[in-house]
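Below is one structure; the comments refer to it alone.
The values are calculated or read from the model by the stated rules, or taken from the named source; none is laboratory data. Not measured: the values here are computed from a predicted model. Neighbour counts run over all protein chains shown; Cβ positions are idealised from the backbone, glycine included.
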């Protein structure tokens with residue numbers, strides 16, 4: 001559930017559904033309104049669109065926020081709450097971009113100054129900043145930003161991947177064009193990993209000796225992060241899976257699978273034994289990819305493992321709705337390894 005908290009009314013909280021209903025009743029302009037308060041932490045959404053509830057539509061909703069003159073986006077599914085700045089307990093010896101810890105509704109979490117991390121000038125009015133409370137990779141983290149604008153519903157097909165020249169060491173994983181404006185979709189997992197590697201991907205703790213040769217089993221992996229592709233390859237090689245095909249988005253993986261199914265029909269199972277997919281990917285997301293596979297005449301037999309930072313109690317049902325066989329939250333590589341071995345041993 002995404003919670004929108006009224007800044008001057010600390011006891012007022014709205015679920016996303018309630019928020020949209022209120023918006024339809026009390027619009028102030030075509031794209032913003034206030035929640036019965038002098039000021040609200042989150043004041044924007046599109047009047048004409050309801051919240052995205054169906055899984056596998058290849059659509060996503062992003063919350064647009066601003067730092068300096070730039071516009072950025074975060075997947076709504078990552079956002080738990082948007083609040084005004086609250087008391088921060090500073091910690092010595094932490095990364096310069098970590099402002100400290102905040103205590104919110106029984107949870108202690110780090111707060112990252114996103115503007116500082118992205119090398120922007122400090123906020124001119126820090127008291128008017130906003131804090132986006134996010135949850136992914138089985139952890140909650142607060143990100144301090146300068147403004148929060150609105151919600152956009154877009155198709156993954158609208159998201160362009162930065163070119164090799166643009167990407168470099170950037171943390172932007174997608175470019176969204178809104179007329180003459182550009183919104184950069186940030187890789188929050190990479191940001192956290194760079195600030196504190198201990199909170200990122202850790203595969204060195206795995207101790208799973210190879211007991212069976214799985215080299216004849218062909219696994220297809222759809223993952224847009226080059227870093228994660230490298231980690232996944234290492235983990236799978238370490239447990240005996242060496243016949244791997246990687247694709248950087250769901251559309252490329254789907255084209256490959258569909259072409260194979262057209263040629264081999266139900267005999268495709270002799271060529272491909274399992275699919276691992278992320279959820280957030282340009283062009284086609286993992287939920288839509290899974291849905292297409294499970295609705296295909298032949299491909300529906302293919303076991304699908306969703307491996308994503310968005311797997312949690314609130315979002316697990318989305319994977320179930322599209323027919324995923326297994327869902328594992330990043331960065332649980334031991335869980336991924338065990339699931340693959342279990343699936344490989346099935347007749």
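Hey, does the range 275-282 have a residue that's farther than 26 Å from residue 80 by Cα, surrounded by 17 or more Cβ atoms within 10 Å (Cβ to Cβ) and at pLDDT 95 or above?
Yes; the residues of the range 275-282 include at least one that is farther than 26 Å from residue 80 by Cα, surrounded by 17 or more Cβ atoms within 10 Å (Cβ to Cβ) and at pLDDT 95 or above.
Say whether the condition of being surrounded by fewer than 22 Cβ atoms within 10 Å (Cβ to Cβ), in contact with a helix residue (DSSP H, G or I) (Cβ under 8 Å, 6 or more places away or on another chain), closer than 20 Å to residue 59 by Cβ and in contact (Cβ under 8 Å) with a residue 24 or more places away in the chain is met by at least one residue in the range 301-309.
No: zero hits.
Check whether at least one residue in the range 322-335 is in contact with a strand residue (DSSP E or B) (Cβ under 7 Å, 6 or more places away or on another chain), part of a helix (DSSP H, G or I) and over 28 Å from residue 264 (Cα atoms), and report yes or no.
yes
Would you confirm, using the coordinates I've provided, whether residue 38 is surrounded by fewer than 13 Cβ atoms within 10 Å (Cβ to Cβ), on the phi < 0 side of the Ramachandran plot, assigned to a loop (DSSP other than H, G, I, E, B) and at pLDDT 90 or above?
no
Looking only at the range 117-152, count how many residues are over 21 Å from the mean Cα position of the chain (by Cα) and within 15 Å of residue 191 (Cβ to Cβ).
Going through the range 117-152 one residue at a time, the tally reaches 2.
Somewhere in the range 129-145, is a residue touching a residue at least 12 places away in the same chain (Cβ under 8 Å) and either assigned by TED's automatic domain parsing to the domain that holds residue 288 or more than 30 Å from residue 318 (Cα to Cα) (or both)?
Within the range 129-145 (the criterion being touching a residue at least 12 places away in the same chain (Cβ under 8 Å) and either assigned by TED's automatic domain parsing to the domain that holds residue 288 or more than 30 Å from residue 318 (Cα to Cα) (or both)), the answer is yes, since at least one residue qualifies.
Is it the case that the range 322-332 has a residue that's surrounded by fewer than 18 Cβ atoms within 10 Å (Cβ to Cβ), within 18 Å of the chain's Cα centre (by Cα), more than 17 Å from residue 225 (Cα to Cα) and modelled with pLDDT under 95?
No, the range 322-332 has no match at all.
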